[in-house]
Amino acid sequence: MDPLLQNGTSDPESRRLALLGATGSVGTQTLEVVRLFPDRFDVRVLTCHQNVERLADQVQEFRPACVVVGSVERAEAFERMLPADAPDVRVLVGPEGLCEAATRSDVDVVLGAVVGFAGLRPVLRAVEAGKQVALANKETLVVGGALVAQALEAGDGRLLPVDSEHSAIFQCLAGESERSVEDLVLTASGGPFWDRPAETFGEITVEEALDHPNWSMGAKITIDSATMMNKGLEVIEAKWLFDVPVDRIQVLVHPQSIVHSMVSFADGAVKAQLGVPDMKVPIQYALSYPARWPAPHERLDWDELSRLDFERPDLDKFPCLQLAYDALEAGGTAPAILNAANEAAVGCFLDEQMGFRDIPRAVERVLERLPVQADPTLEDLVAADTEARRRVEELPLPASN
Ligand code: NDP
Ligand code: MG
């Protein structure tokens with residue numbers, strides 16, 4: 001239904017893959033999918049930020065032509081780690097290296113699994129270069145959705161969702177016309193605290209917040225799930241992927257994480273996509289689309305599955321979700337400010353310099369204080385991101401409730 005996903009429908013025999021964020025949760029699960037289909041992938045690029053130990057192991061196994069690491073110092077450590085008889089690999093560094101690697105002529109498919117704002121520029125460059133981009137990095141669309149949409153319209157690039165909810169919606173929309181779609185319904189696990197009394201939120205520890213009930217993910221998105229900012233970011237991601245107005249994007253808490261999302265249609269019908277919570281399924285679909293490749297991923301067990309619960313989210317208890325709706329409504333640089341303030345606040349929480357409830361407080365204060373600029377360029381977004389992070393660092397927040 002949307003222009004973003006529709007540039008071309010080819011199904012190449014072998015995908016020449018650049019995997020950005022290879023050492024992370026989505027990155028390593030992508031390589032598990034690649035292991036299942038060795039003839040269908042040629043891994044050309046692998047990247048990490050710091051974890052050159054894991055990257056070196058991946059290089060030995062997948063033999064890419066190029067890697068990217070976060071700094072010159074890490075690049076030197078990476079090279080020391082390779083055995084003398086290791087195959088030649090080009091080593092690039094930093095944000096420029098990521099952009100160069102994502103636009104190489106020997107790459108067809110880019111899987112964007114860097115975490116945070118750092119993922120925006122290489123994904124944008126890849127789309128501009130006409131690549132097929134399988135996108136996990138939701139912050140790219142939260143911050144730069146308008147720029148990505150423009151690049152998709154102007155060129156041959158193509159975007160496929162990896163995030164499980166958006167993959168579910170994408171699958172529900174198959175064969176449907178835009179006119180018949182009523183609402184998108186994003187499901188949310190609710191994270192570890194959806195039924196915890198709000199009065200006790202001030203006591204939440206980092207360890208408790210990192211203990212997600214259904215999904216095993218990187219630290220940043222796990223904290224975002226606990227605050228429900230993750231769902232807020234996903235509402236913004238859905239707006240850009242599917243071009244649906246914000247008042248037609250609903251969120252439902254569904255603690256079992258079996259229904260990955262739903263679409264309701266003009267005739268009252270609702271389509272849902274179900275499955276065991278396993279990121280390898282949406283990762284594989286984004287890489288195999290339009291085909292489905294037979295794979296041994298865990299199946300739903302109908303004898304075990306006794307009930308599916310749904311309830312409306314409590315926006316007073318989880319203010320991050322409302323903040324995200326408001327930022328989307330405000331438009332311009334507001335989602336970039338929301339995202340940057342959130343990334344900075346989550347970093348502070350993980351470092352135990354901020355309490356759990358300070359995360360939405362910090363985001364709200366920074367959003368209140370920074371002016372919103374309409375129609376931002378990439379440079380404007382970078383400036384808004386930098387300024388929002390600086391404001392969080394300056395906030396006089398106590399490391400308590
Ligand atoms: P992780 O933290 O597990 O992995 C992040 C990856 O990005 C690592 O390879 C990391 O390298 C690299 N990285 C971190 N910072 C930078 C930087 N500044 N520049 C370049 N590379 C960097 O994250 P996840 O895999 O959990 O998430 C990745 C993205 O996918 C996020 O945007 C998340 O919201 C999204 N997503 C994740 C899901 C999941 O199940 N994990 C589900 C749906 C979406 P290093 O290892 O060296 O630090
Ligand atoms: Mg998700």
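The values are calculated or read from the model by the stated rules, or taken from the named source; none is laboratory data. Computed from a predicted structure; not experimentally measured. Neighbour counts are summed over all protein chains in view; Cβ atoms, including those assigned to glycine, are modelled from backbone coordinates with ideal geometry.
Tabulated values for the structure
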{"read-out": "So residue 21, is it within 12 Å of ligand 1 (Cβ to nearest atom) and either modelled with pLDDT under 95 or on the phi > 0 side of the Ramachandran plot (or both)", "value": "yes"}
{"read-out": "Residues of the range 307-342 classified as more than 13 Å from residue 381 (Cβ to Cβ) and polar (S, T, N, Q), total", "value": "2"}
{"read-out": "Among residues of the range 151-198, those that are closer than 19 Å to residue 310 by Cα, in contact with a Pro (Cβ under 8 Å, 6 or more places away or on another chain) and hydroxyl-bearing (Ser, Thr, Tyr), counted", "value": "2"}
{"read-out": "Every residue from the range 348-397 that is modelled with pLDDT of 95 or more, over 27 Å from residue 225 (Cβ atoms) and assigned to a loop (DSSP other than H, G, I, E, B)", "value": "371, 373, 374, 375, 376, 377"}
{"read-out": "Selection count where residues are over 15 Å from residue 110 (Cα atoms) and free of Cβ contacts under 8 Å to residues at least 60 places away in the same chain, scope the range 24-40", "value": "3"}
{"read-out": "Subset tally (residues that are of a type in the set (Asp, Glu) and either crowded, with 21+ Cβ neighbours inside 10 Å or touching a Cys at 6+ places or on another chain (Cβ under 9 Å) (or both)) for the range 206-255", "value": "3"}
{"read-out": "Unique match (being farther than 23 Å from residue 386 by Cβ, within 16 Å of ligand 1 (Cβ to nearest atom), among the aliphatic types (A, V, I, L, M) and out of contact with any helix residue (DSSP H, G or I) (no Cβ under 8 Å at 6 or more places or on another chain)) among 43, 59, 34", "value": "59"}
{"read-out": "In the range 287-313, the residues that are in a loop (DSSP other than H, G, I, E, B), over 30 Å from residue 131 (Cβ atoms), free of Cβ contacts under 8 Å to residues at least 60 places away in the same chain and not polar (S, T, N, Q)", "value": "298, 299, 300, 301, 302, 303, 304, 305, 307, 308, 309"}
{"read-out": "Matching entry among 322, 284 (being surrounded by fewer than 23 Cβ atoms within 10 Å (Cβ to Cβ), at pLDDT 95 or above and part of a helix (DSSP H, G or I))", "value": "322"}
{"read-out": "Residue ID - surrounded by the fewest Cβ atoms within 10 Å (Cβ to Cβ), chosen from residues in the range 271-281 that are in contact with a strand residue (DSSP E or B) (Cβ under 6 Å, 6 or more places away or on another chain) and of a type in the set (A, V, I, L, M, F, W, C)", "value": "274"}
{"read-out": "Entirely in the range 161-233, the helices (runs of 4 or more DSSP H) that have 3 or more residues that are within 16 Å of ligand 1 (Cβ to nearest atom), among the hydroxyl-bearing types (Ser, Thr, Tyr) and under 26 Å from residue 316 (Cα atoms)", "value": "219-227"}
{"read-out": "Residue within the range 286-307 that is within 16 Å of ligand 2 (Cβ to nearest atom) and either in contact with a Pro (Cβ under 6 Å, 6 or more places away or on another chain) or under 27 Å from residue 179 (Cα atoms) (or both) present", "value": "yes"}
{"read-out": "Criterion violated by residue 110 - all others in (1) part of a loop (DSSP other than H, G, I, E, B); (2) away from ligand 2 (no atom under 16 Å from the Cβ); (3) touching a Lys or Arg at 6+ places or on another chain (Cβ under 9 Å); (4) hydrophobic (A, V, I, L, M, F, W, C) satisfied", "value": "(1)"}
{"read-out": "Count of residues meeting criterion [crowded, with 18+ Cβ neighbours inside 10 Å and of a type outside the set (A, V, I, L, M, F, W, C)] in the range 256-270", "value": "4"}
{"read-out": "Members of the range 98-130 found to be without any contact (Cβ under 8 Å) to a residue 60 or more places away in the chain and away from ligand 1 (no atom under 14 Å from the Cβ), listed by number", "value": "103, 105, 127, 128, 129, 130"}
